[in-house]
């Protein structure tokens, strides 16, 4: 879910539990809209990260890897002056707003005890961090003038007030006034919740509707039973927030991060639970950022591969057309043979001749060049036949090479889609460079790449390995695997080589099925309901000389049909 009021409530509870009575020992501002506070607590030093980034406003406890600038910005200097050694009294959230108030006490230059408020508003492009003395703004990380906002100015000396909102506090909602009012016209249940109550994200509203088991398209203002069911799930959600009963988790779908939530409601079957909301927030946003970064960095390689593949497919179609045209060459040989056999019957200057075909028993009309003799016409047809024969033989070889190149590029394209780290992309780039698709820079030394294949263990103790790219596929098949180990690969589709280490044992039927399912999972057949997989013992594999990385051949094999997946396998 988005960093909404529910997540903010979980963060406020965590900060109260861990930072209350803690003293601020260090303040830095690594970004123009981000603060890092080091707080000394009874459990040791803790790092509090406050970000007012318009794209990603966040508050969480965790390490920040961003270095502090050599010269502190003015806002950071002001915070050091006022709250540099301040004590955290409490952390509050007004209603379910995306606002956090950190109440602090400190001694001024006269030795008198004073109170300040470090206030964080987590509201997208309107996010801000302010230091307040009572209701007066001492300064903010982002100044807002009247030209920028007609609602509220944010400047030193201005009086702070929350921007007005017509939405109600969901923590105070009762059944009597629950969704009784709302915008005119039809509105589905989730939309009505979001329009009526503060701090609820679209994901949270959709989840509350799902838990109520009503039709999401229902306008609950018109259906009393649906309104009652929705209030029941809504109230259960709010009770957990009021009690601080949070169960943070991150949800996954086929291994990819999809959502996070401060309250686990079974949104997805695949999930990871966390002891605190900061852990879930860090895992979600760092994981999502990593995936985005990998996709961005792989975009260049994807463009190289896609361009080469499109060019390869065009060349393949042209070669297939030319090969098909050359398949009619046998008629030219027949014309030449018939002209040689009947040349004495053909008059000089004839434009065509109808000859008896001694193979079929029928007649054949042979076009002639009137300027040439019958024997010269025969030689002309033999030359056409020989030329098209040579063309056909050459095209057959070239077409096989083109098909192999296209298959190789499709395997690289699959490897890019499976890449999960910088090392994976580095190996793929090295492969494209070695194969000539990327120009190698002169004098550039190849960096050592640390990328390991996927490694799984079955409940019977068998070890399975799957290559992330063609270099790893080749290493698994011809270096890691021994003669009695088993090799699996999706049939007639790009995919990983999967090796099962037998270690002198006979594989059970279940292990064969798990290995085949793993090979289908890391292939182009992943999304299919059923996939066919070939498997052989490693000693049956051969690598043709000069073939692309990861290319193997085998002449006898077994096949099975399985559902792609990794069920029952433990990743190492």
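The values are calculated or read from the model by the stated rules, or taken from the named source; none is laboratory data. Predicted, not measured: the structure shown is a model, and the values here were computed from it. FYI the Cβ positions are ideal-geometry reconstructions off the backbone, even for glycines, and counts take in every protein chain you see.
Any residue at all in the range 545-564 that's crowded, with 18+ Cβ neighbours inside 10 Å and either not in a loop (DSSP other than H, G, I, E, B) or not assigned by TED's automatic domain parsing to the domain that holds residue 500 (or both)?
Checking the range 545-564: at least one residue is crowded, with 18+ Cβ neighbours inside 10 Å and either not in a loop (DSSP other than H, G, I, E, B) or not assigned by TED's automatic domain parsing to the domain that holds residue 500 (or both).
Here is a list: 245, 215, 219. Which entry is at pLDDT 90 or above and part of a loop (DSSP other than H, G, I, E, B)?
One residue alone meets the criteria, 245.
Filter the range 357-385 down to the residues that are in a loop (DSSP other than H, G, I, E, B) and farther than 12 Å from residue 334 by Cα and list them by number.
The answer is 361, 362, 368, 369, 370, 371, 372, 373.
Among the candidates 321, 317, 331, which residue alone is within 21 Å of residue 369 (Cβ to Cβ) and out of contact with any helix residue (DSSP H, G or I) (no Cβ under 6 Å at 6 or more places or on another chain)?
After ruling out the rest, the residue left standing is 331.
With 336, 349 as the choices, which residue is over 60 Å from the mean Cα position of the chain (by Cα) and in contact (Cβ under 8 Å) with a residue 40 or more places away in the chain?
336
Is it true that residue 236 is out of contact with any strand residue (DSSP E or B) (no Cβ under 7 Å at 6 or more places or on another chain) and either part of a loop (DSSP other than H, G, I, E, B) or farther than 24 Å from residue 12 by Cα (or both)?
No, not satisfied.
Take residue 157 and decide whether it is out of contact with any helix residue (DSSP H, G or I) (no Cβ under 7 Å at 6 or more places or on another chain), loosely packed, with under 11 Cβ neighbours inside 10 Å, modelled with pLDDT of 90 or more and not assigned by TED's automatic domain parsing to the domain that holds residue 57.
Yes: the conditions hold for residue 157.
Yes/no matrix, rows are residues, columns are (1) on the phi < 0 side of the Ramachandran plot; (2) surrounded by fewer than 16 Cβ atoms within 10 Å (Cβ to Cβ); (3) at pLDDT 90 or above; (4) part of a helix (DSSP H, G or I):
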| site | (1), (2), (3), (4) |
| --- | --- |
| 9 | yes, no, yes, yes |
| 12 | yes, no, yes, yes |
| 46 | yes, no, yes, no |
| 54 | yes, yes, no, no |
| 63 | yes, yes, no, no |
| 66 | yes, yes, no, no |
| 72 | yes, yes, yes, no |
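State which residue is modelled with the lowest pLDDT when the search covers only the range 99-132 and only residues that are part of a strand (DSSP E or B) and in contact with a helix residue (DSSP H, G or I) (Cβ under 7 Å, 6 or more places away or on another chain).
Filtering first and then ranking leaves 106.
Taking into account only those residues within the range 480-508 that are closer than 20 Å to residue 556 by Cβ and more than 33 Å from the chain's Cα centre (by Cα), which is surrounded by the most Cβ atoms within 10 Å (Cβ to Cβ)?
502
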